[in-house]
Amino acid sequence: ITTEHAAVHDATRILLAISVTGVALRYPFRSVRAQLGPVFLLLLIAMPAMALISTGLTVWILGVTLSTALLLGAAICPTDPVLASSVVTGKPAEEDLPERDRQILSLESGANDGLALPFVLAAVAVAGSMTAERAVGEILWQVLGAVALGVLAGWLGGRALRVGEEHGATEHGPMLLFTALLALLVLGLSGVLHLDGVLAAFAAGLAFNLTSTGGERTAEVKLDEAINRFAVLPMFALLGATIPWTLWRELGWLAVVLALAVLLLRRLPVLLLLKRPLQLGWPDALYLGWFGPVGVSAVFYLTLEAAELGLPDSVIGAGIMVVAASTVA
């Protein structure tokens, strides 16, 4: 992996950990529990479908092998929580959009970022850099271990905060600094234990939400969205500085066509087909179908794949084109 890719990978990993922790704390836990059904449906059906559709589009448009296309399809299947936050938070979103839609999109984007790892590892196995047995072992260890670590860290953090407040040792106020540090702690431990750090951070946020926050603190436990927006700026500046212009010129219009096809076909048809099971009206299905952005999470997994097996330049170039198009859209 190049130094450039390594820098981008590290930056996206930190930003995603903080972002998904913020998603987990965005709503009271009772609201999270109420949306588990739709979120599980999106994770178990929509996310695999998005990976397969993106893979098929890549084979059809770029003419690459199936194993190569799977790498790109797996990397761009998760909904990006950083970009999704822009359309579910703030006064316009709260005034004009149904709360249920905002909650579903937020929680899906937080959960599927970590749960995209099994798809990526499966694609890496198909590409031939690891055996199927090793891939299954990696998936089980990284996913189950991440959930266990995240729940434990979030529960301990929540209990420590409550005990501190009961004894007057902790200020009763915003959780901005505390939860950011919790996300970074979990991310560091995940790196040491070789776990899925993004999923662990999301699990820690949910456990912290459940443990430390009751109805009496609902208004105070939101992670300040300013930290996401502030952290996004240097990340996208870094991404802009590393845009593969030469690769884009080599790919030509094929990369643009792929990006547009992914934006229109990767998610929107799937959400329209799931409209009834998700109990959505047409405007809600169209909204959730369009706003499933490809962003920081895709860059994270593309650079991970590059580290694992030296990703073909065409895949990296096409993937970054999809990210750029989705960000602008």
Exercise. With a Cα-only, solvent-free Debye model of segment 243-308, what are the log10 I(q)/I(0) values at q = 0.16, 0.21, 0.29 Å⁻¹?
Worked result: -0.71, -0.93, -1.16
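Under a 1.4 Å probe, what is the accessible area of the chain per residue, stated in Å²? Write down the numbers at each step before the final one.
Working: 14040 Å² over 329 residues.
Heavy-atom SASA per residue in the chain reads 43 Å².
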For this session: Quick one, can you get me the convex hull of the C-alpha atoms of segment 272-329 expressed as volume per residue in Å³?
Result: 100 Å³
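Return the calculated 222 nm mean residue ellipticity for the chain, to the nearest 500 deg cm²/dmol, obtained by summing -39500 (n - 2.57) across DSSP H runs with n ≥ 4 and dividing by the residue count. Spell out each step's value before the answer.
Working: 19 runs with 253 residues, N = 329.
After summing the helix terms and dividing by the residues of the chain, the value is -24500 deg cm²/dmol.
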Exercise. Highest GNM mean-square fluctuation, the chain, Cα pairs closer than 10 Å: which of THR58, THR68, THR89?
Worked result: THR89
Problem set entry | Folded to 0 to 90 degrees: helix 197-212 orientation relative to the chain principal axis, Cα | 20 degrees
For this session: Pop a pseudo-label 7 angstrom from the Cα along the beta-carbon direction at both LEU66 and ARG276 and give the gap in nm to one decimal.
Result: 3.1 nm
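Using just the Cα positions, wrap segment 70-137 in a convex hull and report its mean projected area in square nanometres, one decimal place.
Numbers: hull surface 20.4 nm².
Projected area, direction-averaged: 5.1 nm².
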Exercise. Could you give the length gained on full extension between TRP141 and LEU309, defined as 0.36 nm per residue of separation minus the Cα-Cα distance, in nm?
Worked result: 58.4 nm
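Keeping all protein chains in place and using 1.4 angstrom, which order do LEU239, LEU177 fall into by accessible surface area, from largest down? Each step should come with its number before you reach the end.
Details: LEU239 20, LEU177 120 Å².
Largest accessible area first, the list is LEU177, LEU239.
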Seminar exercise, completed: Helix 296-309 sits off the longest principal axis of the Cα atoms of the chain, rounded to the nearest 10 on a 0 to 90 degree scale, by 60 degrees
Exercise. Using the scaling law 2.2 N^0.38 Å as the reference, what is the normalised Cα Rg of segment 23-79?
Worked result: 1.50
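How big is the Rg/Rh ratio for segment 32-157, C-alpha atoms only, Rh by Kirkwood, two decimals?
On the way: Rg = 16.8 Å, Rh = 16.2 Å.
Value, to two decimals: 1.04.
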Exercise. Which of ASP313, ASP113, ASP284 moves the most in a Gaussian network model of the chain with Cα springs under 10 Å?
Worked result: ASP313
Problem set entry | With all protein chains modelled, accessible area of ARG13 [1.4 Å, Å²] | 60 Å²
Exercise. If you take the C-alpha gyration tensor of the chain, multiply each eigenvalue by 5 and take the square root, what semi-axes do you get, largest first, in whole Å?
Worked result: 32, 22, 18
Exercise. What residues from segment 282-323 fall in the zone where the backbone N is under 13 Å from a label point 7 Å along the Cα-to-C-beta line of ILE243?
Worked result: 320-323
Problem set entry | Volume of the Cα convex hull of segment 1-41, divided per residue and given in Å³ | 70 Å³
Seminar exercise, completed: Longest principal axis of the chain (C-alpha) makes with the long axis of helix 132-166 (C-alpha) an angle, in degrees to the nearest 10, of 20 degrees
Exercise. Protein chains only, probe 1.4 Å: how do THR55, THR65 rank by accessible area, largest first?
Worked result: THR65, THR55
Problem set entry | the chain: relative contact order in percent, alpha carbon pairs under 8 Å with at least 6 residues between | 32 percent
Problem set entry | Net lengthening on full extension, LEU185/VAL163 (0.36 nm per residue, minus Cα-Cα) | 5.9 nm
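The values are calculated or read from the model by the stated rules, or taken from the named source; none is laboratory data. Computed from a predicted model, the values in this text were never measured in an experiment. Note: ideal-geometry Cβ built from the backbone for every residue, glycine included; neighbour counts use all protein chains shown. The accessibility values were calculated without ligands, DNA or RNA, using every heavy atom of the protein model including side chains. Shrake-Rupley method; radii C 1.70, N 1.55, O 1.52, S 1.80 Å.
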